[in-house]
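Okay, structure first, notes after.
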Amino acid sequence: MSDYVIRSGSWALLETEAKMVRTEVFIKEQNIAAADEWDLEDQKSLHFIVYDQNQAIATARLLENHSIGRVAVLNQYRGKGIGRILMRHIMDVGQQQKRPYLKLSAQVHAIGFYQSLAFEVKGEEYLDCGIPHVDMFFMN
Ligand code: COA
């Protein structure tokens with residue numbers, strides 16, 4: 001685990017790495033349209049990148065409205081606990097920043113992943129970019 005480094009910062013600082021991971025995972029693998037992937041929230045969010053030996057392998061962003069989004073681990077790095085490390089790091093930041101809660105729009109296949117981090121489902125399933133999602137919350 002000690003080989004993984006997490007950096008956080010603005011879009012200006014981390015755009016190249018975040019774009020690489022999100023392009024691989026959301027645009028190429030999940031077929032999400034580029035027009036849906038990139039939005040103005042990127043300019044306002046705090047971004048996180050996980051590095052393995054200086055290579056970006058995972059990312060996520062934390063919005064001003066306490067929403068965690070665009071959580072993505074490169075395919076070949078999944079199932080090694082990296083998503084969990086990244087989410088725990090963001091949850092620590094949320095606590096340090098005294099955010100009252102954290103929320104996210106979870107793809108339904110990942111509900112178990114977020115539940116294992118103490119997020120709870122609220123409300124009904126809905127489609128976003130053609131993919132079933134559900135809202136989940138963590139109260140700080
Ligand atoms: N459904 C249910 N449980 C899952 C899961 C999933 N899709 N993915 C991981 N888990 C579980 C793991 O089994 C593990 O549990 P364990 O510790 O009891 O074994 C725990 O969650 C942590 O798994 P981890 O290895 O840290 O997850 P990961 O690094 O593979 O990252 C995702 C998880 C969802 C971020 C990753 O699969 C991913 O990037 N998927 C594609 C993009 C995506 O769908 N993002 C979510 C958008 S809401």
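General observations
- Odd one out for GLU29 among (1) more than 8 Å from the ligand (Cβ to nearest atom); (2) loosely packed, with under 13 Cβ neighbours inside 10 Å: (1)
- Residue count for segment 25-42 under the criterion of being touching a residue at least 40 places away in the same chain (Cβ under 8 Å) and assigned to a loop (DSSP other than H, G, I, E, B): the result is 3.
- Residues of segment 43-101 classified as assigned to a helix (DSSP H, G or I), over 19 Å from GLY112 (Cβ atoms) and of a type outside the set (A, V, I, L, M), total: 8
- All positions within segment 70-92 that are surrounded by fewer than 17 Cβ atoms within 10 Å (Cβ to Cβ) and more than 8 Å from the ligand (Cβ to nearest atom): GLN76, ARG88, HIS89, ASP92
- Residue check, ILE49 more than 9 Å from the ligand (Cβ to nearest atom), under 13 Å from the mean Cα position of the chain (by Cα), under 15 Å from TYR4 (Cβ atoms) and among the aliphatic types (A, V, I, L, M): yes
- Residue among GLN107, GLN76, GLN95 that alone is touching a residue at least 40 places away in the same chain (Cβ under 8 Å) and within 28 Å of ASP52 (Cα to Cα): GLN95
Values quoted throughout were computed directly from the atomic coordinates according to the rules given, and no laboratory measurement underlies them. The model shown is predicted, which means the values in this text are computed figures rather than measured ones. Glycine gets a Cβ as well: all are built from the backbone with ideal geometry, and neighbour counts include every protein chain shown.
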